Amino acid sequence: MGKDVIIACDFSSGEKMLGFLDNFEDKKPFVKIGMELYYAEGPAIVREIKSRGHKIFLDLKLHDIPNTIKRAMAVLSGLDVDICNIHAAGTSAMMEAAIEGLTRPDGSRPLLVAVTQLTSTSEERMKRELLISESLEKTVMHYAINSKRAGLDGVVCSPLEAHTVHDNCGADFITVTPGIRFVGDASGDQVRITTPAQAKEIGSDYIVVGRPITGAAEPVAAYERCVREFVG
C-alpha cells in the first residue's frame, strides 16, 4: 500500500476551497472534505472536486442507529469518494450496516474507516468525561479490532497508535492519522501529535494535514514538504 498525504480542507465555502486548490495547478493532492464544507455546500462540492481529478476523503464521522447509517451510506456511495468514515463507538452492528449500505450493486465501494478516539481526546478526558476506565491505547486497539471484524478497511487514529494497530489488525488494515504538525508548530486543539517523518517511521498509511498546509504562507511548498518527509 502506498503512503499518501491528505490535505484537510476545512474551508467555509466552495469558493475558498476551489481557490485553494487553484494554487496547485497541475498537482492533484488527495483532499479531505469535512463537516464545515460539506454542510455549507452539500454534495455538489464533492462532485466538483472529484471532476477536477482529486481523490477525496469524505470526513463526516457518521454515528447513528444501524438502519439510518445504512441508508445514509447508500446515498454517499453515489458520490464516488475514495474514503469515508464512521465512529467505531457505534458498535459492530452499525459498522456492518455501513458496509452494506456503502456497497454498490456491482460490489464496488469506497474505503471505509472508523474513528477510534479523536486526536483531541486525552486519556484523562476519556476517563473523566466518557467514563471509559480502560487505557486510551487499549480502548483504541479494542475499537480497531472491532472495526476489522466488522469488515472495515481501517481506522482513523493517532499516528502514535499506527504501529500497534497494524500489529493487532494486520499490515493491510489502513491507518489514517491526523494530528500532524511540523517541528516547532503549535499543537492547536490536538493532543496526540507527531511530525510527518515520525508518522512515517511509526507506520501511518495516510497522514491528514490541515493548518500546517492550509494556513501556510506558501501552501504548495508546505504540501511538498509533507510529501518529502512522509512519502520520501
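Numbers at a glance
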read-out	value
Fluctuation leader among Glu129, Glu48, Glu218 - the chain, Gaussian network, Cα springs under 10 angstrom	Glu129
Summed side-chain charge close to Val227 - residues other than Val227 whose Cβ falls under 12 Å, Lys, Arg +1, Asp, Glu -1	+2
Greater than 32 Å apart at Cα, pairs in Lys28/Lys127; Lys61/Lys200; Lys27/Lys70	Lys28/Lys127; Lys27/Lys70
Dipole magnitude (debye, nearest 20) for segment 80-201, charges at Cβ of Lys, Arg, Asp, Glu	180
Cβ-based exposure ranking for Ile69, Ile207, in which fewest neighbours within 10 Å come first	Ile69, Ile207
Per-selection Kirkwood Rh - segment 4-230 (Cα, Å, 1 d.p.)	17.9
Residue-averaged 222 nm ellipticity for the chain, from DSSP H runs of 4+ at -39500 (n - 2.57), nearest 500	-12000 deg cm²/dmol
Sorted by Cβ density within 10 Å, fewest first, the residues Cys9, Cys157, Cys169	Cys169, Cys9, Cys157
Relative contact order computed over segment 90-232 (Cα-Cα under 8 Å; 6+ residues apart), in percent	21
Packing-based exposure ordering (other Cβ within 10 Å, fewest first) of Ser204, Ser77	Ser77, Ser204
Of Leu131, Leu76, Leu62, the one that fluctuates the most in a GNM where the chain has Cα springs shorter than 10 Å	Leu131
Estimated FRET transfer efficiency (Asp26, Arg47; beta-carbon r; R0 25 Å; 0.05)	0.75
Reciprocal mean inverse distance between Cα atoms of segment 13-88 - Kirkwood radius, Å	13.1
Of Ser133, Ser92, Ser147, the one that fluctuates the most in a GNM where the chain has Cα springs shorter than 10 Å	Ser133
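Rule-based calculations on the coordinates, nothing more; no lab input. These numbers were taken from a predicted model, which means no experiment stands behind them. So basically every Cβ, Gly included, is an ideal-geometry build from the backbone, and we count neighbours across all protein chains shown.
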